[in-house]
Amino acid sequence: MTAFTSWSGGKDSALALYKALKDKSINVSLCLNMVTDDGKYSRSHGVRSEIVQAQTEAMGLPILQPSATWDNYEEKFKTAVYTLKKEGVNTGIFGDIDVEAHRQWVERVCRELDIIPILPLWLGNREQLMKEFIEIGFKAVVTAVNSSYMGQEWLGRVINDTFLADLKKKETIDLCGENGEYHTLVLDGPLFHKRINILETQPVKIENHWFLNITHYNLEDRE
C-alpha cells in the first residue's frame, strides 16, 4: 500500500504514522498538511507552515500543503488526495482517537475517493497513548491552548511524564486534547533524522486561544 499521512505536526499524527509504519506493507510517500488560505499557517494547529515543512524535512518525507478556508476545506482536501491517487497513492493515515464525527468524515471522504483509511489510534486508551508517545522517544511541546481550559503558562511545556501528571489533575481536560484543549508540535523522535531546536518564541492570544509563535528555530543532525 502506498499512503499519505494526514499531518498536523502534532503528537497524534506522529504517533499514528509511527504505529502505521509497523506494517511493513505500508509505504508512506508524503505528508498532507492543509494550511490557511494565505498559506502561512497549518490549518488545524496554527503553527507556521514553514515549521511543518521543517518537520517533514527532518523525517525525510515530501510534503503537500494545499491552502483552504474552513468553508472549502473538504473540497481542497479531496482535490489534493485525488491528485495523489493519480500518482499511485491508495491509502491515508489519520491520527483521530475517538471523536465519531471525525471518523465519519474521514471514512466518507476516503470512500468517495476510493482511498483506504487507516486510524492506528482509534479507541486507544488516552493515558496509554500518551505514555507510549513519551516512552518511544518523541519530543513535543505545547504550541496552542484553549484559554477556556488552560492558561498561557502551559505554552512551551514539554510532553513528558510531569506534563501528563499535571494534566491528570485537571479533570475537565481530555489527556490527549481530543476536544481541542491543547495542540502540540513534534520536534524529535524515532521518525526523525534531524531534530528541531526552538530558539525564540513569543505568546500570542487570538480570541480564546493562546499560541506559541516560534520566531527562531533550526534543524540539527541527530547524533
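Confirm whether L113 is among the hydrophobic types (A, V, I, L, M, F, W, C) and either farther than 21 Å from R43 by Cα or free of Cβ contacts under 8 Å to residues at least 24 places away in the same chain (or both). In short, yes.
Return the only residue of T69, T2 being among the β-branched types (V, I, T) and over 23 Å from F211 (Cβ atoms).
Working: T69 fails: over 23 Å from F211 (Cβ atoms).
Just one listed residue meets the conditions, T2.
Apart from one condition, I173 fits all of (1) buried (at least 16 other Cβ atoms within 10 Å of the Cβ); (2) modelled with pLDDT of 95 or more; (3) of a type in the set (A, V, I, L, M, F, W, C); the exception is (2). Looking across region 17-35, the residues that are in a loop (DSSP other than H, G, I, E, B) and either surrounded by fewer than 16 Cβ atoms within 10 Å (Cβ to Cβ) or touching a Phe, Trp or Tyr at 6+ places or on another chain (Cβ under 8 Å) (or both) come down to K22, D23, K24, S25, N33, M34. Return the residues of region 52-62 that are under 13 Å from the mean Cα position of the chain (by Cα) and surrounded by fewer than 19 Cβ atoms within 10 Å (Cβ to Cβ); say none if nothing qualifies. Result: Q53, single match. Residues in region 186-212 that are loosely packed, with under 11 Cβ neighbours inside 10 Å, modelled with pLDDT of 95 or more and among the hydrophobic types (A, V, I, L, M, F, W, C): L199 only. Kindly indicate whether V89 is among the aliphatic types (A, V, I, L, M), at negative phi, assigned to a loop (DSSP other than H, G, I, E, B) and surrounded by 14 or more Cβ atoms within 10 Å (Cβ to Cβ). Judged against the criteria, V89 is a match. Residues in region 22-51 that are touching a residue at least 60 places away in the same chain (Cβ under 8 Å) and more than 16 Å from the chain's Cα centre (by Cα): 2 in all.
Within region 163-181, can you find the residues that are of a type outside the set (S, T, N, Q), outside any helix (DSSP H, G or I) and without any contact (Cβ under 8 Å) to a residue 24 or more places away in the chain? If the condition is that a residue be of a type outside the set (S, T, N, Q), outside any helix (DSSP H, G or I) and without any contact (Cβ under 8 Å) to a residue 24 or more places away in the chain, then K169, K170, E171, G177 are the ones that fit. Evaluation of T215 against the conditions (1) surrounded by fewer than 16 Cβ atoms within 10 Å (Cβ to Cβ); (2) in contact (Cβ under 8 Å) with a residue 40 or more places away in the chain; (3) hydroxyl-bearing (S, T, Y) shows that the sole unmet condition is (2). The residues listed here are A14, A3; of these, the one that is assigned to a helix (DSSP H, G or I) and either at pLDDT 95 or above or out of contact with any Lys or Arg (no Cβ under 8 Å at 6 or more places or on another chain) (or both) is A14. For region 97-119, the set of residues classified as more than 16 Å from L32 (Cβ to Cβ) and not in a helix (DSSP H, G or I) consists of I97, D98, V99, D114, listed by residue number. Count of region 123-146 residues, restricted to those that are out of contact with any Gly (no Cβ under 8 Å at 6 or more places or on another chain) and either surrounded by 14 or more Cβ atoms within 10 Å (Cβ to Cβ) or in a helix (DSSP H, G or I) (or both), is 11.
The values are calculated or read from the model by the stated rules, or taken from the named source; none is laboratory data. The shown structure was predicted, so the numbers you read here are calculated from the model rather than taken from an experiment. Cβ coordinates were reconstructed from backbone atoms using ideal geometry, including for glycine residues, and neighbour counts include every protein chain displayed.
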